[in-house]
Amino acid sequence: MAVNIIDELEWREAVNQQTDAEGLRELTNEKAVSLYCGVDPTGDSMHIGHLIPFMVLKRFQLAGHRPVILIGGATGTIGDPSGRQSERSLQTLEQIQENVDKLTAQMKKLFITEGDNQIRLVNNYDWTHKINVIEFLRDYGKNFSINTMLAKDVVSSRLESGISFTEFSYQILQSLDYLHLYKHEDVQLQIGGSDQWGNITSGLDLIRKKEGSEAKAFGLTIPLMLKADGTKFGKTAGGAIWLDPNKTTPFEFYQFWANTDDRDVVKYLKYFTFLSKEQIEELAEKVQSEPHKREAQKALAEEMTRFVHGEELLEQAKRITAALFTGDIKSLSADEIEQGFKEMPTFESTLETKNIVDWLVEIGIEPSKRQAREDITKGAISMNGERVTDLELEVTPSLAIGGRFIIIRKGKKNYSLVKLSQ
């Protein structure tokens, strides 16, 4: 017998709270359930933190259930106060629409888009903008108790610093979304991050008030994901890890997962990959017995980069990684070098032909000609992966990879990217 999706999620430690665990288990055994998760178009790309609930949505889809993805063209104009200490800046409707289009394209890459359980993409602006203020207050506002709304964590945490009526009303709009999808798309389950519990339960209350107390609707939240050092998952010194390859290159994306702490890697394999229980347990064993090989991290990096960017960009990320490890820089294209050396010290050079010693000093890699000669003589300087030993070497534009870059390595690990000015 196939494993119930809830058992699968529990093994993967992906369940935080459920409104009715027994009822949801029965429902998922009985039928292919329509469920939804939402994201507001507050930016033009999702980052890996956004993936947390959508990985669960994808698991439901792979188990034969029917996911609905809501992109909040209406709620995005207001801003979800969840997890925030201050008001969001309001965006223009044009900016929100542009973000909606970009997030829609990202979702279509991640989810099955054909067959009975293909994703359905909806935008809450489509039904919300038709409601006038009198309808909103009479038909919906009447069903919400201010006392209950004030007691929700998302609001109570903001009472001291202040919350506008606009953000205070967010939970009414999200509840309205769940009611609409329950009635028109047969959606019986909403999932979200742990900070969405208040919004989800508000939606269930509204459904029962409007559709009757026996209405079969459920809520499930996902645990807050923290790293072993206690910091929030997905945040790095350099900022968020984006799904958009123009914001975070596939190489940087691959490296983020490849550098996962041993203490976190099994948790991430369970949560973010579609590897089987047996495969993950085997990798968990290797973390204990052969941690230096970092096989679990490599598997995690490969699975995630393939999932988000596809096979071709995964292979490119692996090529860059291998070239940096072996020093075989010449095997890379100019575009791959741009990705791989993005965070390394960068220098500018003209297209003129120069002696190697003069050139290294002129662009700033070496502090003096004496030091440059000493490093070359000792064999400490490599250019495009090849050691330089000739003090008379002429650096010419033809040495640049793709006519754009020369890579200098000083010592074993100190790489510099030299850009040829056009």
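Just the number, please: Stokes-Einstein D of the range 235-326 in µm²/s, Kirkwood Rh from C-alpha pairs, 10 °C, 1.306 mPa s.
Working: Rh = 13.5 Å.
Roughly 117 µm²/s, to the nearest whole number.
Ranking 385, 361, 397 by how far each Cα lies toward the positive end of the dipole of the range 346-420 (charges on Cβ) leaves 385 at the top. Here the chain is treated with +1 on each Lys and Arg Cβ and -1 on each Asp and Glu Cβ, and its dipole about the Cα centre works out to around 440 debye.
About the Cα centre of the range 346-420, how large is the charge dipole given +1 on each Lys and Arg Cβ and -1 on each Asp and Glu Cβ? Please answer in debye to the nearest 20. Show your work: numbers first, answer last.
Working: 12 positive and 11 negative charges, 83 e Å.
Using only the charged Cβ atoms, the result is roughly 400 debye.
For the chain, what does the relative contact order come out to in percent, with C-alpha contacts under 8 Å and a separation of six or more?
Numbers: 615 pairs, mean separation 58.3, N = 422.
Here the relative contact order equals 14 percent.
For the chain, pairs of C-alpha atoms spaced more than 27 angstrom apart make up 60 percent of the total. Farthest toward the positive end of the dipole of the range 6-121, out of 38, 6, 95, is the Cα of 95, where the dipole comes from beta carbon charges about the Cα centre.
State the extension gain, in nm to one decimal, for the chain segment bounded by residue 213 and residue 352, taking 0.36 nm per residue of separation less the distance between their alpha-carbons.
Values: separation 139, 0.36 × 139 = 50.04 nm, distance 7.96 nm.
So the extension gain works out to 42.1 nm.
Rolling a 1.4 Å probe over the protein heavy atoms of the range 130-181, with every protein chain left in place, gives an accessible area that is 56 percent carbon and sulfur.
Net charge near residue 327: determine it from the other residues with C-beta under 13 Å of the C-beta of residue 327, scoring Lys and Arg +1 and Asp and Glu -1.
On the way: positive: 330, 387, 409, 410, 412, 413; negative: 328, 386.
Cβ neighbours under 13 Å give a net charge of +4.
Entry comment: accessible area of the range 346-420 is 53 Å² per residue, from protein heavy atoms only and a probe of 1.4 Å. Under 5 Å between amide hydrogens, built in the peptide plane, is the criterion, and for residue 193 it picks out 222 among residues at least 5 positions away or on other chains. Charge tally for residue 203 (other residues, Cβ to Cβ under 13 Å; Lys, Arg +1; Asp, Glu -1): +2. When the solvent-accessible area of the range 346-420 is split by element, carbon and sulfur atoms take up 48 percent of it, the probe being 1.4 Å.
Packing here is the average count of other Cβ atoms within 10 Å per residue, and on that basis the peptides 136-142, 167-173, highest first, run 167-173, 136-142. Taking Cα centre as origin and charging only the Cβ of basic (Lys, Arg, +1) and acidic (Asp, Glu, -1) residues, the dipole magnitude of the range 137-197 rounds to 240 debye.
Computed packing ranks the peptides 108-115, 295-302, 357-364 as 295-302, 357-364, 108-115, most packed first, by mean other Cβ atoms within 10 Å.
Select from the range 261-354 those chymotrypsin sites (Phe, Trp or Tyr not before Pro) which occupy a DSSP coil region and have at most 16 other Cβ atoms within 10 Å, ordered by residue number. Walk me through the numbers before you get to the answer.
Numbers: sites: 268, 271, 272, 274, 307, 325, 341, 347; in loops: 274, 341.
For chymotrypsin sites (Phe, Trp or Tyr not before Pro) across the range 261-354 that sit outside H, G, I, E and B with at most 16 neighbouring Cβ atoms in 10 Å, the list reads 274.
Projecting the Cα atoms of 151, 132, 194 onto the charge dipole of the range 105-204, computed from C-beta unit charges around the Cα centre, puts 132 farthest toward the positive end.
In a shell of Cβ-Cβ distance under 10 Å around residue 41, excluding residue 41 itself, what net charge do Lys and Arg (+1) and Asp and Glu (-1) give? Show your work: numbers first, answer last.
Details: positive: 102; negative: 40, 44, 98, 101.
Combined, the nearby Lys, Arg, Asp and Glu give -3.
Taking packing as the residue-averaged number of other Cβ atoms within 10 angstrom, the listed peptides 7-17, 144-154 run from highest to lowest as 7-17, 144-154.
Could you list, in their original order, any pairs among 31/277; 102/286; 318/419; 267/318 whose Cα atoms are separated by more than 31 Å? Before the final figure, lay out the partial values.
Values: 31/277 24 Å; 102/286 39 Å; 318/419 23 Å; 267/318 23 Å.
In this structure, 102/286 exceed 31 Å between Cα atoms.
I'm a student and want to see the number: the projected area of the Cα convex hull of the range 346-420, averaged over all directions, in nm².
With the hull built on Cα positions only, its mean projection is 4.2 nm².
Tell me the Kirkwood hydrodynamic radius of the range 5-222 in angstroms, computed as one over the mean inverse distance between distinct C-alpha pairs. Don't skip to the end; give the middle numbers.
Numbers: mean 1/r = 0.0565 Å⁻¹.
Kirkwood hydrodynamic radius for the range 5-222: 17.7 Å.
Structural descriptor for the range 235-326: relative contact order 36 percent, calculated from alpha carbon pairs under 8 angstrom and at least 6 residues apart.
Set the bar at 21 Å for Cα to Cα. Now go through 227/412; 378/413; 378/410 and name every pair that lies beyond it. If you can, show how the numbers build up before the last one.
Values: 227/412 31 Å; 378/413 16 Å; 378/410 11 Å.
The answer is 227/412.
The values are calculated or read from the model by the stated rules, or taken from the named source; none is laboratory data. Remember, predicted model here, so these are calculated numbers, not experimental data. Positions of Cβ are generated from backbone atoms using ideal geometry, with glycine treated the same way; all protein chains shown enter the neighbour counts. Accessible surface areas use protein heavy atoms only, side chains included; no ligands, DNA or RNA. Shrake-Rupley method; radii C 1.70, N 1.55, O 1.52, S 1.80 Å.
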